[in-house]
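*Asks:* What follows is a single structure, and I will ask about it in a moment.
The values are calculated or read from the model by the stated rules, or taken from the named source; none is laboratory data. For clarity, every value in this text was computed on a predicted model and none was experimentally measured. All Cβ positions, even for glycine, are placed from backbone atoms using ideal geometry, and neighbour counts span all protein chains on display. Accessible surface areas use protein heavy atoms only, side chains included; no ligands, DNA or RNA. Shrake-Rupley method; radii C 1.70, N 1.55, O 1.52, S 1.80 Å.
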Amino acid sequence: MVRPVHAPNHSGQTPGSFTPDSRQAWVRLVIALVIGSIGAVGMWAVVVVIPVVQAEFGATRGAVSLAFTLMMFGFGLGGVIAGKITDRFGIVPAMAISIAFLGVANVLAGLSTQLWQFVAAYFLIGLGTSATFAPLMAEASHWFERYRGLAVTIVASGNYVAGTMWPPIVSWGTQEIGWRYTHIGIGIVCAGLMAVLVLILRAQMGDDHVRDHANAPPPRVDLRLSTNTLTVLLSIASISCCVAMAMPQVHIVAYCGDLGYGVARGAEMLSLMMGCGIVSRIGSGYLADKIGGIRTLLVGSLAQGFALVFYLFFDSLTSLYLISAMFGLFQGGIVPSYAIIVREAMPASEAATRVGIVIFASVFGMSFGGWVSGVIFDATGSYAAAFANGVAWNALNIGIVVLLLIRARMSPVKTGPGYAT
């Protein structure tokens, strides 16, 4: 039977037991990063194939963008479910279920003969991707104390490593063997590699037992809000920032095609954006360990809005490369900051579930943002209004983060039913 691993109980540790921030913790972290880098392939494959799928099925840009929307919805919903499984049984069973979904769904996407089948397959791909993000971030947060923020953002960087390496691969596969065989190959290869890595992770966890979190460090930040209220506010903020984030990430490939630069150039920009996002995510984790998750979130949100404005005024090939790199550097640390805030202000025993809920909200924002940007394009014939829409949503996110920062108190927290204790 697979035994799950959560935060260690420091009292009465025996020789050979797991120690936070240890070499073993870093080994687990590297394995988790590689798993996340492979498992997030579906999030970026759909972005690359939007133009060719649109042409094959004779659909509108908004209709094809529904594949991304449903994928993100499945990703978010699956994150909540996988989070509950992780809190109760550990990360390995959650990962095993996700791998099965990921492999089968990619094959189904490749075999689809109608657009609705392709869209439905991507919903299943989202479910398959889910355990590689929010639950894995929450699990990694239990392996570290001193470097918790850095660890969470390193695991979250798997999503951006995927965004760096997969778009060129999927673009090449689409050109050489077609998008259908590319999806089938992804399903077989990625599921196999992830299964091997999860077995290695299980071996690293060894005989560690389920922890009751009774001696876990208490929350460090008092926001004078119940956990449910804080969850709602973080969810609204994450929706807002991710509607803004979705415009460049989902449509940069199609945008470059419309401007006459070609989809291959757009795939390169997306890869560059995600590569810079890796630097941003890891840097934001280091920053969060110094100044806290809320301040780190505010820095990232302000910077993201700044970068979005540039898309409104510049569209030359060189400028788009530069702006995409800047956008990646500015926004990479935003989503992991929510997971860090949850661990700073909420009970450790609810970490995976609460992170899953907030990440679900963020991917809802990504999915809605990807879809509504396509709809705005269909209505206006350009992406200018879609970029302006992103700037407005980003402003709402900043307002909520400022409110939380005002309420933040680095002092003994409140106790009692419903509060983050």
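*Asks:* Which sequence of Val161, Val250 reflects their accessible areas, 1.4 Å probe, from the largest down?
*Replies:* So the residues, ranked largest to smallest area, are Val161, Val250.
*Asks:* Between Phe144 and residues 5 or more places away or on another chain, which pairs have amide H atoms under 5 Å apart, with H built 1.01 Å from N, and which residues are they?
*Replies:* Answer set, sorted by chain and number: Asp21.
*Asks:* Per residue, how large is the accessible surface of region 48-205? Use a 1.4 angstrom probe and give square angstrom.
*Replies:* That works out to 35 Å² per residue.
*Asks:* Which of the helices in the chain, when you take each full DSSP H run, stretch at least 27 Å along the axis at their Cα atoms and have an average Kyte-Doolittle score of -1.0 or higher? Spell out each step's value before the answer.
*Replies:* Numbers: long enough: 61-89 (41 Å, 0.97); 91-111 (30 Å, 2.12); 148-205 (41 Å, 0.90); 227-259 (46 Å, 1.29); 263-291 (40 Å, 0.73); 293-313 (31 Å, 1.52); 351-380 (42 Å, 1.34); 384-407 (36 Å, 1.59).
Passing helices, by number: 61-89, 91-111, 148-205, 227-259, 263-291, 293-313, 351-380, 384-407.
*Asks:* Gain in length, Lys84 to Leu405, computed as 0.36 nm per residue apart minus the alpha-carbon separation, to one decimal in nm?
*Replies:* Net length gain for the segment: 112.7 nm.
*Asks:* Another one. Let's test the formula: R0 of 22 Å, r as the Cβ-Cβ distance of Val27 and Ala100. What FRET efficiency results, to the nearest 0.05?
*Replies:* Working from the Cβ atoms, E equals 0.30.
*Asks:* Just to be sure I understand the model, the point goes 7 Å from the Cα along the line to the Cβ. What's the resulting Thr229 to Leu111 distance in nm?
*Replies:* Modelled inter-label distance: 5.2 nm.
*Asks:* If you don't mind, there's one more thing I want to ask. Between Leu312 and Phe57, what FRET efficiency comes out of the Förster formula 1/(1 + (r/R0)^6) with R0 = 41 Å and r the beta carbon distance, rounded to 0.05?
*Replies:* According to the calculation, E is roughly 0.85.
*Asks:* Could you rank Met165, Met269 by how accessible they are, 1.4 Å probe, largest area first?
*Replies:* Working: Met165 70, Met269 0 Å².
So, going from the largest accessible area down, we get Met165, Met269.
*Asks:* Let me ask something else. If each residue of separation counts as 0.36 nm, what is the full-extension length gain between Ala395 and Trp172 once their alpha-carbon separation is subtracted?
*Replies:* Value of the extension gain: 76.5 nm.
*Asks:* Then there's this: Going from most exposed to least, what order do Asp315, Asp21 have by accessible area with a 1.4 Å probe? Mind dumping the intermediate values first?
*Replies:* Working: Asp315 75, Asp21 45 Å².
Largest to smallest exposure gives the sequence Asp315, Asp21.
*Asks:* Could you compute the FRET efficiency for Leu322 and Ala203, with r as their C-beta to C-beta distance and R0 at 51 Å, rounded to 0.05?
*Replies:* 0.70
*Asks:* Same structure, new question: Give me the distance in nm between label points sitting 7 Å out from Cα along the Cα-to-Cβ direction at Asp378 and Lys290, one decimal.
*Replies:* It is 4.6 nm.
*Asks:* Suppose only helical runs count, i.e. DSSP H with n ≥ 4. What mean residue ellipticity at 222 nm does that imply for the chain under -39500 (n - 2.57) per run, divided by all residues and rounded to the nearest 500 deg cm²/dmol?
*Replies:* -27500 deg cm²/dmol
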